[in-house]
Structure formats: C-alpha cells, structure tokens
Amino acid sequence: MSSTRRRAASVVVRLLVSISLVGLALSSVDTEQAFDHLVGAQWSWIGGALFAYLLCILAASSRWWLLLRDLGSTVGLAAVFEHTMVGLLFNL
C-alpha cells in the first residue's frame, strides 16, 4: 500500500472513530436541556474562561520549550505548542 493511500485510510479511520465516540458521548445528553443552558449562558464568562485556559496552555508550552532549549533542542515554540495540545487531547 502506498504512503498516500495509507495516510488517507488513517484519516478515514480516525474520522470514523471520532464521530463514533462523539455520537456515543452525546447519546446520553438531553439535547433540549443542553440547548437551554447554552442559550442562557453568559458568553463573557465562557470567553474569559477559554482565554484563561489558552494562557495556561501557553505557559505549559513555554515551560517545555525552555526545557528543550536548555537541553540543546532547536524545536520552535509553535511546534511545542502543537505537541502540548496533542498531549492535552490524550489526557481527556
């Protein structure tokens, strides 16, 4: 199998697994009640919380980047941020 085909198959499998897991998670949610909560939410608080969370992720990425830099690595902060996000995804 060529690498392009393998990559395409990998993307399809990951999408199917993701859609299945989201469907499984949402199957036990009362969508009407969830929608009512979203409509009544104070978006300024949600935006502030997301901004604070982003700052925490940036702080964690910066710590990893500084550690890697002290060890002689030339990895950029953006790449470290991406890897930190992947690590956080798997910690869910």
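The values are calculated or read from the model by the stated rules, or taken from the named source; none is laboratory data. Just so you know, these numbers come straight off a predicted model, no measurement behind them. Positions of Cβ are backbone-derived with ideal geometry, glycine not excepted, and every protein chain shown enters the neighbour counts. Surface areas here come from the heavy atoms of the whole protein model, side chains and all, with no ligands, DNA or RNA. Shrake-Rupley method; radii C 1.70, N 1.55, O 1.52, S 1.80 Å.
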Among the DSSP H helices of the chain, those whose Cα atoms extend at least 18 Å along the helix axis and whose mean Kyte-Doolittle hydropathy is 0.5 or higher are 3-26, 43-70, 77-90
Per 0.36 nm of contour for each residue apart, how much would the distance between residue 9 and residue 31 grow if the chain were fully extended, relative to their Cα-Cα spacing? 4.7 nm
Dipole check, the chain, charges on Cβ (K,R +1; D,E -1), about Cα centroid: among 53, 19, 84 the Cα furthest to the positive pole belongs to 84
With +1 assigned to the C-beta of every Lys and Arg and -1 to the C-beta of every Asp and Glu, and no other charges, what is the dipole magnitude of the chain about the Cα centre in debye, to the nearest 20? 620 debye
In whole percent, how big is the carbon plus sulfur part of the accessible area of the chain, probe 1.4 Å, protein atoms only? 70 percent
Within a Gaussian network of the chain (alpha carbon springs, distance under 10 Å), most fluctuating of 78, 25, 59: 25
To two decimal places, what compactness ratio does the range 14-59 give when its Cα radius of gyration is scaled by 2.2 N^0.38 Å? 1.57
State in Å² the accessible area per residue of the chain; use a 1.4 Å probe, count heavy atoms of protein chains only, and round to the nearest integer. 87 Å²
For the chain, state the average projected area of the convex hull of the C-alpha atoms over all orientations, rounded to one decimal in nm². 9.3 nm²
Between residue 62 and residue 86, how many nm apart are label points set 7 Å from Cα along the C-beta direction? 2.4 nm
